[in-house]
1. Compute the distribution of all C-alpha to C-alpha distances in the chain, in bins of 10 Å from 0, and list the percent of pairs in each, rounded to whole numbers.
2. Mind listing which trypsin sites (Lys or Arg not before Pro) in the range 39-113 are in a DSSP loop and have 14 or fewer other Cβ atoms within 10 Å?
3. Sketch the reach of a paramagnetic label on Tyr84 as a point 7 Å from Cα along Cα-to-Cβ, and name the residues of the range 181-223 whose backbone nitrogen lies under 18 Å away.
4. Order of Tyr108, Tyr77 from fewest to most other C-beta atoms within 10 Å?
5. For a 26 Å ceiling on Cα separation, which of these pairs sit above it: Lys19/Lys71; Lys86/Lys185; Lys154/Lys185; Lys13/Lys72?
6. Could you compute the longest span of the chain free of GluC sites (Glu not before Pro) located in DSSP loops and having at most 15 other Cβ atoms within 10 Å, not counting the site residues?
Amino acid sequence: MSLEALINLFFPKVCNACKTHLSDNEVFLCTDCRHILPTTNYHQNNDPFVKNVFYGRVKIEAATALLRFEKKGTVQYLLHQLKYGKNEAVSDFFGQWLGEELRACDDYKTVDLVIPVPLHPKKLKKRGYNQVTKFGQNIAKALEIEYSEDLLTKITTSTSSQASKTRLERWQLNNETFTITHLHKLENKHILLVDDIITTGNTLEACILELNKAKNVKISIAAIAIA
């Protein structure tokens, strides 16, 4: 018996959603769980659904989300595992998936750089990782472009949840949350800004407002899911 077979015998690979054993040709999710995921296909069908979230707020070139967020569904479970269960493989898996699909989309062929929505340093230290790092890295790898976490940073203290705040209060709080570290490195670039989930769009909007300080910059968006 090979070492790999021995490892699988005592530590079998299981589906990250339903926990059933994975077959040799399955990765991360079993076939059944993958097939029931609520994919959007926005980027493949030129659907402006995500882009319309930001209509009248900020200008973006293209926008997509791989999945639809459904309360108490598989997507919610996986995102919870990503953010609070130390399961960074969720980000890795969905980044590979979406990256391969974006390679075939004309809207994303001019992207120069992938940047994640940054975490505040205190939250990053507590969690140990940015939940969209591997998502963004794999998209950048698929598109054969640069990925950077150093060009946009979060500068305000994250002390409480924004869930209890009104949209205006959240927007005002976020509006000066982010800062560009090297403005000249963003000039004349088409940036793909990535995040885990789009809800109100306020955080992404705040990032875009800051990124727009760079000369002749273009911005697109990609997320794991949209609520």
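1. The distribution over the chain is 8, 32, 36, 17, 6, 1, 0, given as percents.
2. Arg57, Lys59, Lys71, Lys72, Lys86, Arg103, Lys109
3. Under 18 Å, as judged by backbone N against the label point of Tyr84, lie 196-199 of the range 181-223.
4. The most exposed by this proxy come first: Tyr77, Tyr108.
5. Beyond 26 Å: Lys86/Lys185.
6. Result, exposed sites excluded: 71-143.
Just so you know, all these numbers are worked out from the coordinates, no wet-lab data involved. Because the structure is predicted, anything quoted here is derived from the model rather than measured. Here the Cβ is made from the backbone with ideal geometry for all residues, glycine too, and neighbour counts use every protein chain on show.
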